[in-house]
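What follows draws every value from the coordinates through simple rules; no lab data is involved. Since the model is a prediction, treat every value here as computed from it, not as a measurement. Note that each Cβ is placed from the backbone with ideal geometry, even for glycine, and that neighbours are counted across all protein chains shown.
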Amino acid sequence: MFRYLWRHKAFSAVLLFLLGIGWYLQPVAAWIGLALLLFLRLTKVHSVLLIYDLTDRAALTHVRTLATKRAHMLSPDEYGNVSEEGWDKHLNSFIKKTLVPEFQRKKVEHLLAKDSKRSIARLRTRINRIIDRHQPAEPTVEFEDTMTGREFELYCREVLQEGGWRAALTPGSGDQGADIIAEKEDRRVVNQCKFYNETVGNKAVQEAYATATFQDAPYAVVVTNSVFTKSAHQLAHKIGVLLMHHTDLPRLELIVTSGAGSP
């Protein structure tokens, strides 16, 4: 409880003020402060605050993996549709496997039992807000629907460079299909940029995989302004190629840090 109160400094400051000056100037104020502390400790208010504290700490510990999962699960499918059902199920599993054991250890899990659906929905909302606060900044470069293929490559390179990557365009030929090679710390990522008006299929996935092998890069990525076919998703999942919409590029570090997509 005290850890939670300390993290919420405004509330803590009021309690410390009451207790600090109360003993010397106004004993009644001190007793009020102590009564408030006892009230929090002996009622379910303390347990609710503790649940929120445990949820925040777990979400912050796993924020990179959670952000990566959410980016993939909320990406458009081959028909351009986005469904939140899979992401909600993943969060429910995270709560059950990661948070509930901590709640049980602190003996506060009973608060979820009374109205479990509503309680879990609130925890999902809290986790999503934490992920939102740790999202990378939006790129300053602008995407244009009228871009050429090469202009799209330049756009992707600028987005990566804004994210701290050393990103270089490869020559137009002799590059074994690579458009951008991006490096950051010990990570090396080959990016194929596909500016299409139609869906992106298996060929792009196969090219990206072959390119990563040729370039000795552990990560192969296909970036597009469009969507991927169902078979492209299946093949990419099997051989470890990342399929990304261009709006996912600012999260590339989160994605590769999680270990996803390594051939």
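The figures follow:
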{"item": "Fully extended contour minus Cα-Cα distance, from Ile239 to Glu151, at 0.36 nm per residue", "result": "28.8 nm"}
{"item": "Candidate lysines for bridging to Lys194, where Cα separation is under 25 Å - those fewer than 8 sequence places away on the same chain excluded", "result": "Lys69, Lys184, Lys203, Lys230, Lys238"}
{"item": "Separation of the Glu85 and Asp115 label points, Cα + 7 Å toward Cβ, nm", "result": "2.6 nm"}
{"item": "Förster radius 51 Å - calculated FRET efficiency between Arg126 and Arg166 (Cβ-Cβ, nearest 0.05)", "result": "0.90"}
{"item": "Percent of Cα pairs exceeding the 21 Å cut-off, where the set is segment 149-257", "result": "26 percent"}
{"item": "Surface/4 of the Cα convex hull for segment 89-230, nm²", "result": "12.1 nm²"}
